[in-house]
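The values are calculated or read from the model by the stated rules, or taken from the named source; none is laboratory data. Predicted model, so just to flag it, every value in this text is computed and none were measured. All Cβ positions, even for glycine, are placed from backbone atoms using ideal geometry, and neighbour counts span all protein chains on display.
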Amino acid sequence: MTALALASGSHLSAQVLPDQGTVKTPACGPRILVEYTDDNPDYFIVKNRSADGWSLELIAFDLSSSAGNLVFDPETGGAGVGDAAAFVPDATTKIRLLGTVPAQDGGQTLSLRFDNFPASQDYTFRIDLDASPSGEGRTWVLPTDMSGTRLLAELRGPRGQSDRIDAVFDANAEADTGAGGCV
C-alpha cells in the first residue's frame, strides 16, 4: 500500500497496480466524475464513483466562470451560434431522471435530479454548448474552454446521510470531486 498526500494534509490509502504501475484511489465516500465532449451534439458523462451505498441525487453545472465564456445553446436562432441541440436525457440506463432545471438558451446553468443513481454507474446526456470569447461566438468548445466551470453534486449515503460536494472542470474538460470521506 502507498499513501497519497492531499493538499489538505490528509492521506489516502491507495493501491498500486503491479502490471500497470498506476495508482488506484479507493472510493471512501461520495465521489463524482464528469467528462464533457464537444461533438454533434455535445455530451456529458456523469460517473458516480462513490463507495457502495452512495446515490447521486442532484448535479448542477454553472458555466459563468468558464474560461471560454460558455453558454448553453438548446434552441435554434437564439443566443448560441450555429446549430443548436436541446437537452436529451440518457435513454439507455436504468437511472431515473426525476427532472431538470433546464438550461435557458444563452444561459449558464443546468441541474438534473435523479432517483436510483447508484455507485459505479454512468449517465450520459446531450446538450449544445457554444463558446463566446471576447463577444465573438464559435460553435465548437475546446477542452480548455471548460476550465473554471463549476459542478455541484448532492448525494445520499448508505445510512441516509446527505452530502454536498463540488468540483471545477480542468483544461481537459473533466471535473472530479475527489474521494470524499477518506482519512
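If you go through the range 101-109 one residue at a time, do you hit one that is assigned to a strand (DSSP E or B) and surrounded by fewer than 17 Cβ atoms within 10 Å (Cβ to Cβ)? Break it down stepwise before answering.
First, the residues of the range 101-109 that are assigned to a strand (DSSP E or B): 101, 109.
Narrowing further to those that are surrounded by fewer than 17 Cβ atoms within 10 Å (Cβ to Cβ): 101, 109.
Yes: the range 101-109 contains one or more residues that are assigned to a strand (DSSP E or B) and surrounded by fewer than 17 Cβ atoms within 10 Å (Cβ to Cβ).
Could you look through the range 84-119, keep only residues that are at pLDDT below 95 and of a type in the set (S, T, Y), and pick out the one that is nearest to the chain's Cα centre (by Cα)? Per the criteria, the residue is T100.
Scan the range 166-176 for residues that are crowded, with 19+ Cβ neighbours inside 10 Å and either modelled with pLDDT under 95 or assigned to a strand (DSSP E or B) (or both) and the total you get is 2.
Sort out which residues of the range 45-82 are acidic (D, E), assigned to a loop (DSSP other than H, G, I, E, B) and either in contact with a Lys or Arg (Cβ under 8 Å, 6 or more places away or on another chain) or buried (at least 19 other Cβ atoms within 10 Å of the Cβ) (or both), and write them in order of number. If you could, list the steps in order and put the result at the bottom.
Keep residues of the range 45-82 that are acidic (D, E), which gives 52, 57, 62, 73, 75.
If we keep only those that are assigned to a loop (DSSP other than H, G, I, E, B) as well, we get 52, 73, 75.
Result: D73, single match.
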